[in-house]
Amino acid sequence: MSDSPAAFLLQQLSEIKICRMLSASANMSAGASDAKKRSKKRYGSGHHSKRWKGSRELEVGMQGILITCNMNERKCTAEAFNLLNEYAEKLYGPEKLEDNDGSSSEEEEGGEEDVAAALKKEVAQLQGSGPKQERRFQALQSGANNVIFIKTHNLESDKLVHHILSDLHTTKKKKSRVILRMLPVTGTCKAFPEDMLKYLTTFLEPWFKTPNSATYQIAFKARNSSHNKRDEIIKSIAGLVGKLNPKNKVDLTSPELTIIVEVIKAVCCISVVKDYTLYRKYNVQEVVKDETLKADVNLAKTESNTAEKKEAQDSEETGKGKREDEENGIKTAQGDNVVVDKSESNGE
């Protein structure tokens, strides 16, 4: 029995635990003396703090969703996870996580697990040999206030966001309080004009390169970035789209496609979306508002303004008529006086 795989794994497990205990004890003694140094490295100069944050920030090469809010980023993040998970499960099914050994976390409940397999799994977990799990949605810092970035994994963010807005537009059911806009990010590049144009040349081909063509508009916004001028960037992108196919035309009223370009610090986030105007610039608060009620309010305002104008015109005409009557009365009275004066003079 001592030579069995289970006994060998159990012995290996004990050795790993003892080594970890000794290592933890050594780290505690060394950590007390180095506390100040760690504090300075973590919170001191800018390059150390950037290295400490690591991949918790939006970076070039990522895909996901930019979500804007009003002052409450923590609540916005919670609402975003709830909303995205609700619709992602409808489109893609429940999220399946994988353990470090590659097996699915949704194991069969019946039956007892083999002792050797259990020990092997625990050893692998302690050694950290498996790759780190990557969730379907992961919240990262965007680099701008009131904006969060949700990194996506194994899904198309533009289709997911369009599905959410389509459902909200149809049902008119409000499902968030602090989320304002949800903008998909299907491509990222460095936020310099030459890098943006180089990246967009290939990125825009599926929608605008011959034989494909469409009417379009460009929605550009820069946050914490001063080296990109809005008009110049829009003009450059429009020229690029025109070169891909001369039949592509700008339409600022009801375009078929909208090219979204969001610059945050040194990262440019890009996507091409449909129904941008219909879904109120992808604003989840505006898209659930009743359009009929809004139309009735606008109609009532128009009718009220028309009635007020008509009343003012009638009042002005009435006042003008009174003034004319008064002037005629004065002239008549003056004429009568003249006649009286003439008769009196003839009598004399």
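Laboratory data are not the source of any read-out in this text; all were calculated from the coordinates shown. Keep in mind the model is a prediction, meaning the values are calculated, not measured. Neighbour counts run over all protein chains shown; Cβ positions are idealised from the backbone, glycine included.
For the reader, a short list of remarks on this structure follows.
- For GLU256, the amide hydrogen comes within under 5 Å of the amide hydrogens of THR215, TYR216, counting only partners 5 or more places away or on other chains and with H modelled in the peptide plane.
- Rel. contact order, % - alpha carbon contacts under 8 angstrom, at least six apart, region 169-274: 36 percent
- Seen from SER213, the other residues with C-beta closer than 13 Å to its C-beta sum to a net charge of +1, counting Lys and Arg as +1 and Asp and Glu as -1.
- ILE264 long-range amide H proximity, modeled H, under 5 Å: ARG223, CYS269
- Near GLU73, once Lys and Arg are set to +1 and Asp and Glu to -1 for all other residues with Cβ below 15 Å from its Cβ, the sum equals +4.
- Packing, taken as the mean count of other beta carbons within 10 Å per residue, orders the peptides 66-74, 210-218 from highest to lowest as 66-74, 210-218.
- In this rough spin-label picture, where each label sits 7 Å from Cα along the Cβ direction, the GLU194-GLU15 distance is 5.7 nm.
- Each peptide in 144-153, 193-202 receives the mean, over its residues, of other Cβ atoms within 10 Å, and ordering these scores from highest gives 144-153, 193-202.
- Net length available on complete extension from GLU89 to GLU291 is 69.8 nm, with 0.36 nm assigned per residue and the Cα-Cα distance removed.
- Annotation: peptides 276-287, 78-89, ranked by per-residue average of other Cβ atoms within 10 Å with the highest first, follow the order 276-287, 78-89.
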